[in-house]
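Notes to accompany the following structure.
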Amino acid sequence: MKLHILGAAQTVTGSQYLLEVNGSRLLLECGLFQGRRADTYERNRTFHYDPQKLDAVILSHAHIDHSGNLPNLVKNHYTGPIYATAGTVDLADVMLRDSGYIQESDAEYLNKKRKRKGLPAVEPLYTAADAERVKPLMVEIDYDHVFEPVPGVSVRLVEAGHILGSAAISLKIQENGKTKRLWFSGDIGRPGMPLLRDPQLPGEVDVLMMECTYGDKPHPDPEAAFQEFRDMVMRTVTRGGRVIIPAFAVGRTQELVYLLHEMNDDGLIRNIPIFVDSPLAVAASLVFKKHTEYFDEETRRLVMESRHPALDFDQLTYITDVADSKALNTRKGPMVIISASGMAEVGRILHHLKNNIEDARNTVAIVGWQAPYTLGRRLADREERVRIFDEEYDVKAEVVTIGGLSAHAGQDLLVRYAQAAQPTNRLILVHGEPDAEIALVDKLKDSITATINYPALGDMIEL
């Protein structure tokens, strides 16, 4: 059998892996590569295989770097099944339609510039209509249910604890009278995070393909991060200010709402209004509320005791309408505003930052990793002046960065994960930058005897 590494190779985006076995072609993930605009379009547009000759796709979770090129796959005449958990099916539908809208909008903006230069128009990678054609192909699979996507391959989806519905993919492969056990981690979550169950560690396998995003960085105890978040909110509302939080629409927003809900139940922020201002986050939160079966024991208990729905309470308002979003900027008094995008590059968060960043009573809370050159990174780096919508603003608001809220496993858990699997043949590290891989391999070298690979894009591995 052959494993082709077609994405998230020596980088953290664009997951895509093609398994050839028993004459069948099974694709694990179909993510968008996200990077410099000059690199991304052609790379995402071109598949290194014929989509019509794929037999099946298995999706670990709905994040765009794992699912975001499915509409393009369907646009190129893939008509087979796409297996995923029910939570992933519903989240992917919401996120892919939103991604299709963004692809169209970006192409429209780019074509205005190209027209002025006398250049031909470009087509969007895919459209919202293309994205809508994905869900009818998706097949919902329960955790731990064994299914056979192609002959000779038995698969289980196992709780990954990363976002709602996320899964590791366990494959038992029979070929030429031999059996091999391959485990693909997907994105590994963290124990002790709000809402979701903890990730399940693998058992012994022959080959482990594992993400290494934070292979160079152990995460602090989540409770320390939660307390830092609570302290920041209390400090801001006490001085009459607003908390402005750039946050990704799926996963991070729902966790923050849950933490704020706990604060409200504890009487810490009674009567302080909280707004989630992002149409995608609103749609994703509805999916979270639909799928309470994926919540951890504590969250399910709260729901069963009728103390509150897990993501809804009196002080919380979800906003989709543009006029309601604009009205927040003239509203008086303390409040918390959570809005996309998570790196403060596009979306409604820019308007909230523009209107609040020069008031020293307010706080901008950075709660996730920020890519270089983004507004979020400039804020995290404590730059004194920033540009928003081509205008300069003095950063007078307090800026707080809260580590420890990542939904990815840190180095310590990655080590335990690999040790639990004890791959007898091979450990394949994907979805991580070189520095992360080097640090993780150094930690593993005394406890893992399997061959460790860190494949490049386009590599083929014989299993």
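Where only protein heavy atoms count, and the probe is 1.4 Å, what is the accessible area per residue for segment 70-163 in Å²? Can you show the working numbers first?
Numbers: 4410 Å² over 94 residues.
Normalised by residue count, the accessible surface of segment 70-163 is 47 Å².
First check a/c for the chain, with a ≥ b ≥ c the square roots of the eigenvalues of its C-alpha gyration tensor; if it is under 1.5, answer rounded, and if not, answer prolate when a/b is larger than b/c or oblate otherwise. Judged from the Cα gyration tensor, the chain comes out prolate (a/c at least 1.5, a/b above b/c).
Tell me the net charge near Thr317. Cut-off is 13 Å between Cβ atoms, Thr317 excluded, with +1 for each Lys or Arg and -1 for each Asp or Glu.
Taking every other residue near Thr317 into account, the sum is -4.
Measure out, as a whole number of angstrom, how far apart the alpha-carbon centroids of segment 42-65 and segment 318-362 sit. The distance from the Cα centre of segment 42-65 to that of segment 318-362 comes to 36 Å. Across the chain, Cα pairs under 8 Å and at least six residues apart give a relative contact order of 19 percent. Per-residue extension of 0.36 nm, minus the Cα-Cα distance of Asp265 and Thr79, leaves a gain of 62.2 nm for this segment.
Counting only residues at least eight positions apart within a chain, or on another chain, the lysines with an alpha carbon under 17 Å from that of Lys396 are Lys354. Charged neighbours of Ser15, selected by a Cβ distance under 12 Å, balance to -4 (K, R count +1; D, E count -1). At what distance in angstrom do the alpha carbon centres of segment 160-198 and segment 414-459 lie from each other? Each part reduced to its Cα centre gives a spacing of 16 Å.
Under 30 Å of direct C-alpha separation, and excluding same-chain neighbours fewer than eight residues apart, Lys180 reaches these lysines: Lys2, Lys53, Lys172, Lys443, Lys445. Only helices enter the 222 nm calculation for the chain: every DSSP H run of n ≥ 4 contributes -39,500 (n - 2.57), and dividing by all residues gives -9500 deg cm²/dmol, rounded to 500. The slack in the chain from Tyr49 to Leu137, taken as 0.36 nm per residue of separation less the alpha-carbon distance, amounts to 29.7 nm.
All other residues with a Cβ under 14 Å from the Cβ of Gly100 taken together, and with Lys, Arg as +1 and Asp, Glu as -1, what is their net charge? Don't skip to the answer; put the middle values down first.
Values: positive: Lys75, Arg97, Arg133, Lys135; negative: Asp93, Asp98, Glu104, Asp106, Glu108, Glu123, Asp130, Glu132.
Residues near Gly100 contribute -4 overall.
If you roll a 1.4 Å probe over the chain with all protein chains in place, what percent of the accessible area is carbon or sulfur? Carbon with sulfur: 48 percent of the solvent-accessible area.
Its relative contact order, with pairs defined as Cα atoms under 8 Å and 6+ residues apart, puts segment 315-463 at 16 percent.
A probe of 1.4 angstrom, applied to the heavy atoms of all protein chains, finds Val122 with accessible area near 40 square angstrom. Of the GluC sites (Glu not before Pro) found in segment 151-211, those that fall in a DSSP loop while having at most 15 other beta-carbon atoms within 10 Å are Glu204.
Under 8 Å for C-alpha pairs, at least 6 residues apart: give me the relative contact order for segment 298-363, rounded to a whole percent.
Relative contact order, segment 298-363: 15 percent.
With a cut-off of 20 Å on the backbone N, the residues of segment 1-36 near the modelled label site 7 Å out from Glu433 along Cα-Cβ are 7-16, 32-36.
Could you compute the longest span of the chain free of chymotrypsin sites (Phe, Trp or Tyr not before Pro) located in DSSP loops and having at most 10 other Cβ atoms within 10 Å, not counting the site residues?
Details: sites that count: Tyr373, Phe389.
Within the chain, the longest run free of exposed chymotrypsin sites (Phe, Trp or Tyr not before Pro) spans 1-372.
Ordering Ala407, Ala456, Leu427 by the projection of their Cα atoms onto the charge dipole of segment 389-463, which places +1 on the Cβ of Lys and Arg and -1 on the Cβ of Asp and Glu, puts Leu427 at the extreme positive end.
The values are calculated or read from the model by the stated rules, or taken from the named source; none is laboratory data. Because the structure is a prediction, the values reported are computed rather than measured. No Cβ is skipped: glycine too gets one built from the backbone with ideal geometry, and neighbour counts run over all protein chains shown. Just so you know, the surface numbers come from the protein's heavy atoms only, side chains and all, with ligands and any DNA or RNA stripped out. Shrake-Rupley method; radii C 1.70, N 1.55, O 1.52, S 1.80 Å.
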